[in-house]
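Written out below as structure tokens is the structure these notes cover.
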Amino acid sequence: MSAINRSVRTATRNLRLPARQSRALRAPLSLTQRAPIQASPRTPTSRQFSAMSPLQSGAPPPPQAREYDPEIKDIASYVHNTPINSDLAFDTARFVFLDTLGCGLEGLRFKECTKLLGPIVEGTVVPNGTKVPGTPFQLDPVNGAFNIGAMIRWLDYNDCWLAAEWGHPSDNLGAILAVADWISRTNRAGGKLGNDKVITVKEVLEAMIKAHEIQGCLALLNSFNKVGLDHVVLVKVASAAVVSKMLGLSEKQTADAVSQAWVDGQSLRTYRHSPNTMSRKSWAAGDACQRAVNLVLKVMKGEPGVPTVLSAPVWGFYDVLFKGNKFEFQRPYGSYVMENVLFKVSYPAEFHSQTAIEASKRIHKQLADKGKSAADIKDITCRTHEACIRIIDKQFKPMDNFADRDHCIQYMCSVMLVYGRLEATDYTDGGEAATSPLVESLRQKIKCVEDPQFTKDYHDENMRTIPNALTVTLNDGTVLEEIVVEAPLGHKLRREEAKPEILAKYKRHLGPHYSEQQIKELVDLGNDAKRLEAMAVDEYVDLYVSKDSKFV
């Protein structure tokens, strides 16, 4: 043997010794706890080298069905097994339906909105696809959900829900209407979607009630904004749940779709706050609707769910995105949210400011009666609730764009105090209000202070008021009596008072798009609950199609 071979064998033997010594030192804690080990023959057998041995000995054990997180099971069970018997919920849903469609049509008047709409590839028309109200577009349901969702949300003028988390449950109509319309048109053409049904408007209203309930109940005690997430995650979850049921998926598949919505990347809230406030906040809900429909269609093709997406240690939603906390729930799913939802009747403004703007309108009249104006104001104190301060108190922050202005309570109140109005066009760059030195100077004179009782009333499940109170001091030292408005016009406490105004708002939003005869037909149909609910959704959507729209 050569010297080289001897040295290699010696080195190899020396390398093995530590491993052998290490194995020798691994004494069990208790020899009685270990089963006797049978020595296996060292001589290889044909069985050990069989091509089948990996299949016999190395295969993983058969998969075990895993339980879904109870929060996901509850949503799926609610969607599939809970009937909605509340007349109040259906009546409210009808007004939400009309109001939301009207808000979408109004959004089409803004080029920043319409530039994002239409097919992905220009000129594409999808046979039996989703028709987008107010436009000539006929799209696949995924892109249709984005289009409808974006136009609905563009002006921040649709309904609202305020709790630990805030949001706009009617955002879900982007997904619901797109899928319902597509299902109905496809099935009329011989398709087999959603149990071969042509969906009625009443079924759309029921889906809305359930989407409102899922989003709203999750929002009651769980703040997503406090961990930096945008509330549209709840739109995605709620839309995925109700759309899966509409498409005929099983309760298990609904759980799959909901779990996929939770595991999907969640939007950061940064686009709603300085210094990054921007137009994405206006299409974020459309994006959530689009993602929800896309995920449901993947599940419909057989994609499984993620059973413990919320609770999985380290990798689950709670640990990764919710600071290790589990969701809390105030009440079981029913129809509470739709029954108590808030309408934005008076002003296209972030909802926490609605009562402050109403108070500003009264002050504007008081000043006029005294022969004075906003130029005579020295300062204003706004007594308000904590959520208002956290979201829209921007006294000294720059107003760089539309998104800054419609989320600044000082700006919105100032516009009302100066002009006696607040309209969507008052937020646009270069507009009269946006360039007014008086509006800007007055904006910086309005200070917000929290009233703990206002905050308590805001969270009280039997009140849910959104109170604001303004005290004005004039340049001559005069202090006007404080104006307090606890509940805005769209609140449940003022619902009957609001209904005529909701319909007037709807009619106003129809005006730029349709003839007087078409407007009358749509308003009359909206007022006839039985006729509206019985109507097929695709036939109803056809009433809104605009083949030669001047806005898109």
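The values are calculated or read from the model by the stated rules, or taken from the named source; none is laboratory data. Every value quoted in this text rests on a predicted model; they were computed, and no experiment measured them. Every residue, glycine among them, receives a Cβ derived from its backbone with ideal geometry; neighbour counts consider all protein chains shown. Ligands, DNA and RNA are excluded from the accessible area calculation, which covers all protein heavy atoms including side chains. Shrake-Rupley method; radii C 1.70, N 1.55, O 1.52, S 1.80 Å.
Assorted remarks:
- 20 Å reach of a label modelled at residue 525, 7 Å along Cα-to-Cβ, counting backbone N of segment 108-140: 108, 128-139
- Cα long-axis angle, helix 70-81 against the chain (0 to 90 degrees, to the nearest 10): 60
- Added length on full extension, which subtracts the Cα-Cα distance from 0.36 nm per residue, residue 482 to residue 421: 19.9 nm
- Those residues of segment 422-438 whose amide nitrogen sits under 20 Å from the label point placed on residue 111, 7 Å along Cα→Cβ: 424-435
- Sparse-neighbour loop sites [trypsin sites (Lys or Arg not before Pro); segment 83-135; at most 11 other C-beta within 10 Å; DSSP]: 115
- Taking only protein heavy atoms and a 1.4 Å probe, the accessible area of segment 367-422 is 47% carbon and sulfur.
- Helical content alone sets the calculated 222 nm signal of the chain at -15000 deg cm²/dmol, taking -39,500 (n - 2.57) per DSSP H segment of four or more residues and averaging over every residue.
- ³J(HN,Hα) computed for each position of segment 119-127 - Karplus, 6.51 cos²θ - 1.76 cosθ + 1.60, integer Hz, glycine/proline x: x, 4, 9, 3, x, 6, 10, 8, x
- The ellipsoid equivalent to the alpha-carbon distribution of segment 351-488 has semi-axes of 22, 19, 13 angstrom, derived from the gyration tensor eigenvalues as √(5λ) and listed largest first.
- Nearest-ten-degree value, helix 173-188 long axis tilted from longest Cα axis of the chain: 80
- Legend: calculated FRET efficiency, residue 66 to residue 315, from the Cβ-Cβ distance at R0 = 22 Å, rounded to 0.05, equals 0.95.
- Taking other residues whose beta carbon is less than 14 angstrom from the beta carbon of residue 231, and scoring Lys, Arg as +1 and Asp, Glu as -1, yields +1.
- With all pairs of different C-alpha atoms in the average, the Kirkwood value for the hydrodynamic radius of the chain is 26.2 Å.
- Relative contact order (percent, whole number), the chain, Cα cutoff 8 Å, 6+ residue spacing: 18
- Between residue 497 and residue 91, the simple label model (points 7 Å from Cα in the Cβ direction) yields a spacing of 1.8 nm.
- Ligands, DNA and RNA left out, the accessible area of segment 70-343 computed with a 1.4 Å probe is 52% carbon and sulfur.
- Relative to its Kirkwood radius, the Cα radius of gyration of segment 56-169 gives an Rg/Rh of 1.16.
- Theoretical FRET efficiency, 1/(1+(r/R0)^6), r = Cβ-Cβ of residue 121 and residue 192, R0 30 Å, to 0.05: 0.65
- The separation of segment 202-241 from segment 362-440, counted between C-alpha centres, amounts to 31 Å.
- Largest to smallest principal axis extent of the C-alpha atoms in segment 70-343, angstrom: 47, 45, 37
- Whole-angstrom gap from segment 95-125 to segment 262-311, using each part's C-alpha centre: 20
- Label-point separation, residue 82 to residue 268 (7 Å along Cα→Cβ), nm: 3.4
- Accessible area per residue, Å², the chain with all protein chains present, probe 1.4 Å: 45
- Cα-based helix-to-principal-axis angle, 201-221 vs the chain, degrees rounded to 10: 80
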